[in-house]
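A.B. asks: Quick one: the structure is below, and I'll ask about it shortly.
The values are calculated or read from the model by the stated rules, or taken from the named source; none is laboratory data. Note that the coordinates shown come from a computational prediction; the quantities given were computed from them, not determined experimentally. Quick note on the areas: whole protein, heavy atoms, side chains included, nothing else; ligands and nucleic acids left out. Shrake-Rupley method; radii C 1.70, N 1.55, O 1.52, S 1.80 Å.
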Amino acid sequence: MSTQGKVITCKAAVAYEANRPLVIEDVEVAPPQAGEVRVQILFTALCHTDAYTWSGKDPEGLFPCILGHEAAGIVESVGEGVTEVQPGDHVIPCYQAECKECKFCKSGKTNLCGKIRGATGVGVMMNDKKSRFSVKGTPIYHFMGTSTFSQYTVVHDVSVAKIDPKAPLEKVCLLGCGVPTGLGAVWNTAKVEAGSNVAIFGLGTVGLAVAEGAKAAGASRIIGVDIDNRKFDRAKDFGVTEFVNPKDHEKPIQQVLVDMTDGGVDYSFECIGNVSIMRAALECCHKGWGTSVIVGVAASGQEIATRPFQLVTGRVWKGTAFGGFKSRSQVPQLVDKYMNKEIKIDEYITHTLTLEEINKAFELLHGGDCLRCVLKV
Ligand SMILES: NC(=O)C1=CN([C@@H]2O[C@H](COP(=O)(O)OP(=O)(O)OC[C@H]3O[C@@H](n4cnc5c(N)ncnc54)[C@H](OP(=O)(O)O)[C@@H]3O)[C@@H](O)[C@H]2O)C=CC1
Ligand SMILES: N[C@@H](CCC(=O)N[C@@H](CSC=O)C(=O)NCC(=O)O)C(=O)O
Ligand SMILES: [Zn+2]
Ligand SMILES: [Zn+2]
């Protein structure tokens, strides 16, 4: 029996309060309105940004909400006026939208899209500024315009990328966030050239994807910086050529890197979300041209600092969101790259669990062993 136009009751993990275990609930998911798409989520992974918002440190964090933004699924139904996807299409929800019409999308200078960002930042849909989720009549906020910790979700049509139906959804769900972010930070934001020296702070999924991207770009030295020595063995498989643990040194880590590289690295990437490390990442860059890219997300109230002299003398500070990739146009291309074995995905998946086990998955995220945990929804 078709569910089109009807409310669907399904399981979802609801975050009622910061830091309180998520609750698996029967959630009512309203049909998609004009310009919206209802998606059956089959697989979702956890990213550290989910943990960040759950921790209560995200200024845009709203509760109760349904978290999750790294997923893959199948379109169940579409609202009026939706032309680019139809029921049965395999899709990846994209927290970074791409409308192709707003001034951001048309600028050619950024992947940020302005069309629906105002609504996704306050946990609702653009049409009526309301949520499509409820539990016993109580609205539950959306998160990042995706809310993938649910068997069904509703997203804006500008936030959904149609992909090759042959692609394994249990793998390509990772192309919703962490892997593209790291690859794109190198290829789109920094534009690392062959022969460059690169430093990566934080060897989680995002940092390792930076390493993979830097290796593909032909970087000659890829220096991984992490506080856990056990990270190096795994990092070598992603392209890291040298490892530095700040705890093994008395000097500040930026000085250690400057000494190792004849004046500093050409490119550095902060993949942790720690503002002191962001400073170190800038200051380990070479005078005159070194570029540092902030990838990590820092908590509300945190600010970055350095001596302006660092910039006066030619270092460049940048940031990246979703690695600069234009989501609807380029996520399908990344899926094709995976299918052609040009980029890794499987190697980032260290754990697989079910949606019911989501609290265990969040615990795993805080142990050094877990890169991505994929949940069967
Ligand atoms: N800009 C964007 O578009 C995106 C940003 N992000 C952000 O990127 C960051 C990384 O995400 P993800 O890879 O999932 O997170 P992870 O937590 O898996 O990676 C961070 C790594 O840094 C290590 N680390 C922690 N403190 C230090 C330190 N002081 N020095 C060196 N290493 C340290 C962690 O070790 P341990 O595990 O032992 O703590 C971990 O290995 C997060 O802030 C996330 O929110 C994510 C996706 C997109
Ligand atoms: N609400 C957060 C925003 C944190 C943030 O910067 N998010 C990244 C994606 S992180 C994915 O895992 C991003 O793309 N930002 C651009 C955007 O428009 O949100 C906060 O305020 O800290
Ligand atoms: Zn993420
Ligand atoms: Zn746009």
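A.B. asks: Pull out a ≥ b ≥ c, the square roots of the eigenvalues of the alpha-carbon gyration tensor of segment 1-136, then state rounded if a/c is under 1.5, prolate if not and a/b is larger than b/c, and oblate in the remaining case.
C.D. replies: oblate
A.B. asks: Can you give me the Cα centroid spacing of segment 42-90 and segment 240-311 in angstrom?
C.D. replies: 32
A.B. asks: A follow-up question, please. From the backbone phi of segment 113-128, what are the Karplus-calculated ³J(HN,Hα) couplings (6.51 cos²θ - 1.76 cosθ + 1.60, θ = phi - 60°) in whole Hz, Gly and Pro given as x?
C.D. replies: Ordered by residue, 3J(HN,Hα) equals 10, x, 4, 10, 4, x, 7, 5, x, 10, x, 9, 9, 5, 3, 10 Hz.
A.B. asks: Just to verify a number: what accessible area does residue 106 come out at with the full protein assembly present, 1.4 Å probe, Å² rounded to tens?
C.D. replies: 150
A.B. asks: Continuing with the same structure: Just check segment 266-363 against the gyration tensor rule for me: Cα atoms, a ≥ b ≥ c as the square roots of the eigenvalues, rounded for a/c under 1.5, and otherwise prolate or oblate depending on whether a/b exceeds b/c.
C.D. replies: Cα axes put segment 266-363 in the oblate bin.
A.B. asks: Compute the whole-percent fraction of alpha carbon pairs in the chain spaced more than 31 Å apart.
C.D. replies: I get 34 percent for the Cα pairs in the chain exceeding 31 Å.
A.B. asks: Once you've got the GNM for the chain with C-alpha springs shorter than 10 Å, pick whichever of 69, 366, 90 has the biggest mean-square fluctuation.
C.D. replies: 366
A.B. asks: Helix-only estimate, please: 222 nm mean residue ellipticity of the chain, summing -39500 (n - 2.57) across DSSP H runs of length 4 or more and dividing by its residues, to the nearest 500. Show your work: numbers first, answer last.
C.D. replies: Details: 12 runs with 87 residues, N = 377.
Using -39500 (n - 2.57) per qualifying helix, the result is -6000 deg cm²/dmol.
A.B. asks: Roughly how much of residue 317 is accessible, in Å² to the nearest 10, using a 1.4 Å probe?
C.D. replies: That residue has around 60 Å² of solvent-accessible surface.
A.B. asks: Still on this model: With θ taken as phi - 60° and the coefficients 6.51, -1.76 and 1.60, list the Karplus ³J(HN,Hα) couplings across segment 232-245 in order, rounded to whole Hz; mark glycine and proline as x.
C.D. replies: Per-residue couplings from phi come out as 5, 4, 5, 5, 4, 5, 9, x, 5, 9, 9, 10, 10, 10 Hz.
A.B. asks: Now a separate question. To the nearest µm²/s, what D does Stokes-Einstein give for segment 1-57 at 10 °C and 1.306 mPa s, using the Kirkwood radius over alpha carbon pairs as Rh?
C.D. replies: In µm²/s, the coefficient rounds to 117.
A.B. asks: Further question on the same structure: To check you understand DSSP bridge types, tell me what percent of the beta bridges within the chain (both residues inside) are antiparallel, rounded to 5.
C.D. replies: Roughly 55 percent of the beta bridges in the chain run antiparallel, per DSSP.
A.B. asks: Quick check: Cα centre of segment 326-377 to Cα centre of segment 130-190, how many Å?
C.D. replies: Centre-to-centre distance over Cα atoms comes out at 12 Å.
A.B. asks: Can you give the angle from 0 to 90° between the axis of helix 205-216 and the longest principal axis of the chain, with both taken from C-alpha atoms, to the nearest 10?
C.D. replies: 60
A.B. asks: What's the extension gain from residue 333 to residue 289 if we count 0.36 nm per residue and subtract their Cα-Cα distance?
C.D. replies: So the extension gain works out to 12.7 nm.
A.B. asks: I would also like to ask the following. Kindly write out, for segment 309-322 in residue order, the coupling ³J(HN,Hα) from the Karplus curve 6.51 cos²θ - 1.76 cosθ + 1.60 (θ = phi - 60°), rounded to whole Hz, with x marking Gly and Pro.
C.D. replies: Taking θ as phi minus 60°, the curve returns 3, 4, 8, 4, 8, x, 7, 10, 10, 10, x, 9, 10, 6 Hz for segment 309-322.
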